[in-house]
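These notes are about the structure you will find just below.
The values are calculated or read from the model by the stated rules, or taken from the named source; none is laboratory data. Since the model is a prediction, treat every value here as computed from it, not as a measurement. Note: ideal-geometry Cβ built from the backbone for every residue, glycine included; neighbour counts use all protein chains shown. Quick note on the areas: whole protein, heavy atoms, side chains included, nothing else; ligands and nucleic acids left out. Shrake-Rupley method; radii C 1.70, N 1.55, O 1.52, S 1.80 Å.
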Amino acid sequence: MGTQAPLLLLYLILIMATGFNILLLSHLLLYLVIAFFMFFNLMLLIGTISFWLVQLWPLRAGINAIYMLLGGLYFPLKLLGPSFAFLQYNPFSLVTDVPARYISRPGNMSLVISASVSMLWAIIFLLLFKLIFKKGQVRYEGVGL
């Protein structure tokens with residue numbers, strides 16, 4: 001968050017200038033902290049794949065594509081209809097789509113459900129990371145100079 005701090009401060013000032021409710025803003029900031037830890041655990045889990053793969057850089061394009069599709073960045077997930085409503089609770093959507101929808105329509109959705117799902121994902125990712133890390137240490141072969 002260090003390099004993004006000036007941009008986040010600018011966004012905060014712009015949001016405050018538009019008359020956004022301070023209580024809603026505090027709820028959003030709390031949610032963003034929870035979503036940050038959830039996404040950090042997901043990336044940590046993906047990073048443990050390096051125990052089995054030598055080169056991880058090809059995965060970056062795939063992860064970015066999944067992030068764009070499932071995060072609602074290419075198109076809003078609401079366009080998929082009610083049969084795909086479960087997609088709003090995937091980790092990528094919880095990081096991008098939920099905060100954007102909350103800012104655009106603050107009274108129409110509850111962040112409590114999204115925060116609860118984010119915490120659940122964070123716990124699942126952390127447990128999976130610990131399991132995979134433990135199995136990966138057994139497989140690890142350190143090659144040095």
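A few notes on this one:
- Rg of the Cα atoms in the chain, relative to 2.2 N^0.38 Å, amounts to 1.23.
- The stretch 1-79: chymotrypsin sites (Phe, Trp or Tyr not before Pro) in DSSP coil with no more than 16 other Cβ atoms inside 10 Å: Phe20, Trp52, Tyr74
- Contact order for the chain, expressed relative to its length and based on alpha carbon pairs under 8 Å spaced 6+ residues apart, stands at 35 percent.
- Gained length - Leu9 relative to Met43, 0.36 nm times residue gap less alpha-carbon distance: 9.7 nm
- Per residue, the accessible area of the chain comes to 69 Å² when a 1.4 Å probe rolls over the protein heavy atoms.
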